[in-house]
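Notes for the one structure printed next.
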Amino acid sequence: MTQAAAEIDRAALDGHDAFRRLVVEPCRPVVIHGAASDWPLAKVAKAGGDALTSYLARFDAGRQVEAFVGDAAISGRYDYNDDLSGFNFRRQAMPLGEAVGRIAAGSDNETLYVGSLPITNTLPGLAEDNRLPFAPPGVSPLIWIGHASTVACHYDMMDNIACVVAGRRTFTLYPPDAIGDLYVGPIDHTMAGQPVALAAGAEPGDPRYPRFEQARDRAITIELGPGDALYMPKLWWHRVEATGTLNILVNYWWDAFPVAPDQPFPTMLLAMSAIVGRPPAERAAWRAWFDHYVFRPDGHPLAHLPEDRHGVLSDGPDHAKMVRAHAMRMLRAG
């Protein structure tokens, strides 16, 4: 049984402060119906390929973009090949206008998809013509345009507002703590930057992924139409199926809770390099240390001391800088 997503009325979001308080801070996926329904881009996309092509041409900076191009046989399902040595599509550079024209025209011979295009660079002025009132200030959106497609289940390291502009999209989400049941692929040989959950695209009962049945019942399936938006917190796994003949999505990526210059994922990799090869009993000891100092299920690790004796672990605006400086001194001394 799949779970239901939270929903909120767009009228309740009268600015980013309300969006942050009502949607972002609870750290769970939320659907916002009609968030982008009044955009000019949504209206011209509804009118058809010719209208869309003409509208986008007004903003086109003439830049080359990288397109995913696959044979019709893959049915828009961009993925690894059978032995994970490569992929079932090819990357091809072309002008954005050519890509949009080929997508809008449709084809029985190919499937084509361009994504993660910074609107500021590729379509300057488009974002100003299509504003999201509650989007985080200063964050530039990206655009994704393609035929019908299925994007393999993956996560983002940033918070995400995904706005469906044309076509329909089905998001299948899994919580971050399902990672052990998703059978994640390589972290350094990926299709578009992030590792993918191999089990999420497999048939039910696939013997290669027995633990996935535990995750299947935790899935949240969300159907979005043109104008709808979805907020996804960072690290939520999501498989995305676009089912229209012409599909457009605009999204906003940002870190809603930045606390330090060091990013969590590369920090985790460094911890992995120092700990993963140690004996199981020692790894268990280090896990207790991580829980105590980093994840803090029992609160601040020095709560038993006066605050003026917390040293580099003092809470406050300089906490991250102090910890980083202390760690760098230790690394230099080693």
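The values are calculated or read from the model by the stated rules, or taken from the named source; none is laboratory data. Please read these numbers as outputs of a predicted model, since none were measured by experiment. Here the Cβ is made from the backbone with ideal geometry for all residues, glycine too, and neighbour counts use every protein chain on show. Only protein heavy atoms, including side chains, enter the accessible area calculation; ligands, DNA and RNA are left aside. Shrake-Rupley method; radii C 1.70, N 1.55, O 1.52, S 1.80 Å.
Looking across region 191-218 at every residue that is touching a residue at least 40 places away in the same chain (Cβ under 8 Å) and surrounded by fewer than 21 Cβ atoms within 10 Å (Cβ to Cβ), the one that is nearest to Leu56 (Cα to Cα) is identified as Ala192.
Screening Met328 with (1) closer than 15 Å to Leu270 by Cβ; (2) under 30 Å from the mean Cα position of the chain (by Cα) gives one miss only, at (2). You will find that of Ala256, Ala320, the residue that is in contact (Cβ under 8 Å) with a residue 24 or more places away in the chain, touching a strand residue (DSSP E or B) at 6+ places or on another chain (Cβ under 6 Å) and not charged (D, E, K, R) is Ala256 and no other. Checking each residue in region 94-116 for being touching a Lys or Arg at 6+ places or on another chain (Cβ under 9 Å) and surrounded by fewer than 20 Cβ atoms within 10 Å (Cβ to Cβ) picks out Met94, Pro95, Glu110. The single residue among Val44, Val100 that is more than 17 Å from Tyr231 (Cβ to Cβ), without any contact (Cβ under 8 Å) to a residue 40 or more places away in the chain and assigned by the TED database to the domain that holds Ala202 turns out to be Val44. The criterion of being assigned to a loop (DSSP other than H, G, I, E, B) and open to solvent by 20 Å² or more (accessible area, probe 1.4 Å) does not hold for Pro136.
Checked against (1) touching an Asp or Glu at 6+ places or on another chain (Cβ under 8 Å); (2) not in a loop (DSSP other than H, G, I, E, B), Gln194 meets all criteria but (2). For region 169-180, the set of residues classified as touching a residue at least 24 places away in the same chain (Cβ under 8 Å) and out of contact with any strand residue (DSSP E or B) (no Cβ under 8 Å at 6 or more places or on another chain) consists of Gly180 only. If you check Ile145, Ile187 for being assigned to a loop (DSSP other than H, G, I, E, B) and hydrophobic (A, V, I, L, M, F, W, C), only one passes: Ile187.
Taking region 221-313 as the region of interest, the strands (runs of 3 or more DSSP E) fully inside it that hold 1 or more residues being assigned by the TED database to the domain that holds Asn109, open to solvent by 50 Å² or more (accessible area, probe 1.4 Å) and touching a helix residue (DSSP H, G or I) at 6+ places or on another chain (Cβ under 6 Å) are 237-242. With respect to the stated conditions, Leu123 is assigned by the TED database to the domain that holds Leu13, aliphatic (A, V, I, L, M) and under 30 Å from Val44 (Cβ atoms).
Let's see how each residue does on (1) in a loop (DSSP other than H, G, I, E, B); (2) farther than 20 Å from Val165 by Cβ:
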site: Asp17; (1), (2): no, yes
site: Pro26; (1), (2): yes, yes
site: Ser37; (1), (2): yes, no
site: Lys43; (1), (2): no, no
site: Thr53; (1), (2): no, no
site: Val69; (1), (2): no, yes
site: Asp83; (1), (2): yes, yes
site: Gly97; (1), (2): no, no
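Collect the residues in region 143-170 that are open to solvent by 10 Å² or more (accessible area, probe 1.4 Å), of a type in the set (Val, Ile, Thr) and at pLDDT 95 or above, keeping them in residue-number order. Passing the criteria: only Thr170.
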